[in-house]
Amino acid sequence: MQTAATAYPVNIGQAAAASGVSAKMIRHYEEIGLVPPAARTQSGYRMYSEADVHTLRFIRRARDLGFSVKQITALLGLWRDRRRASARVKALTREHIALLDQRILEMTEMRRTLAHLAARCHGDERPDCPILEDLTCGAAAPASAARGAPPDLRTANRRAIIQ
């Protein structure tokens, strides 16, 4: 973390250390337009202002919260717009929460399926393995079929599809 005694501008390594964003990612964000091109010295080295480092910290925090680059672009625009309506920020955040909830449901379903498969596998010296069997045979089935899931889960999924 940079202190008040830090003299700006700083080079990319110092900006990376101060923001928690790697130098490689800083270059990438510049390349995709998430951050504007850095000022350059006469010898071509990137130099970052205190405001640049602050923006990189913002991006780092947003990435830590799982926002996509597209969402971060929108958030940066809203952050920079002092006349923004906070309702727009809240709506974007709620959309992100809904996506996270969906991913959590999908991962919970994956975990449940894997736990069921692991419970069926003897894990001994025999070559037969329900896990490999499911991976081989289940590949042709649609993901929504909850392949390899306990029977009650498959039934629940069929009921949901019918309704």
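The values are calculated or read from the model by the stated rules, or taken from the named source; none is laboratory data. Note that the structure is a prediction, hence the values are computed from the model and not measured. Cβ placement follows ideal geometry from the backbone for every residue including glycine, while neighbour counts extend to all protein chains displayed. Side chains are part of the model used for accessible areas, which takes the heavy atoms of the whole protein and leaves out ligands, DNA and RNA. Shrake-Rupley method; radii C 1.70, N 1.55, O 1.52, S 1.80 Å.
Close contacts from region 6-24, counting a first residue that is at positive phi and a second that is charged (D, E, K, R), with Cβ to Cβ under 8 Å and a gap of 6+ residues or different chains, come to Gly20/Arg57; Gly20/Arg60. Applying the condition of being among the basic types (Lys, Arg) and surrounded by 10 or more Cβ atoms within 10 Å (Cβ to Cβ) to region 95-131 and asking which residue is nearest to the chain's Cα centre (by Cα) yields Arg103. Any chance region 47-60 includes a residue that's over 22 Å from Thr6 (Cβ atoms) and among the aliphatic types (A, V, I, L, M)? No.
Annotation: of all residues in region 35-53 being more than 22 Å from Leu75 (Cβ to Cβ) and of a type in the set (Gly, Ala, Ser), the one that is least open to solvent (accessible area, probe 1.4 Å) is Gly44. Confirm whether Asp101 is without any contact (Cβ under 8 Å) to a residue 40 or more places away in the chain, among the acidic types (Asp, Glu) and closer than 27 Å to Ala16 by Cβ. Taking the combined requirement at face value, the residue does not satisfy it.
Answer yes or no: is there a residue in region 62-74 that is in contact with a Pro (Cβ under 9 Å, 6 or more places away or on another chain) and either open to solvent by 50 Å² or more (accessible area, probe 1.4 Å) or in a loop (DSSP other than H, G, I, E, B) (or both). No: region 62-74 contains no residue that is in contact with a Pro (Cβ under 9 Å, 6 or more places away or on another chain) and either open to solvent by 50 Å² or more (accessible area, probe 1.4 Å) or in a loop (DSSP other than H, G, I, E, B) (or both).
Does Leu92 count as free of Cβ contacts under 8 Å to residues at least 24 places away in the same chain, touching a Lys or Arg at 6+ places or on another chain (Cβ under 6 Å) and outside any loop (DSSP other than H, G, I, E, B)? In short, no.
Taking the options Ile32, Ile12, name whichever one is in contact with a Lys or Arg (Cβ under 6 Å, 6 or more places away or on another chain) and either among the β-branched types (Val, Ile, Thr) or open to solvent by less than 60 Å² (accessible area, probe 1.4 Å) (or both).
Sole residue among the options that is in contact with a Lys or Arg (Cβ under 6 Å, 6 or more places away or on another chain) and either among the β-branched types (Val, Ile, Thr) or open to solvent by less than 60 Å² (accessible area, probe 1.4 Å) (or both): Ile12.
Just to verify a result, which residue in region 34-61, among those that are small (Gly, Ala, Ser) and assigned to a loop (DSSP other than H, G, I, E, B), is nearest to the chain's Cα centre (by Cα)? The selected residue is Ala38.
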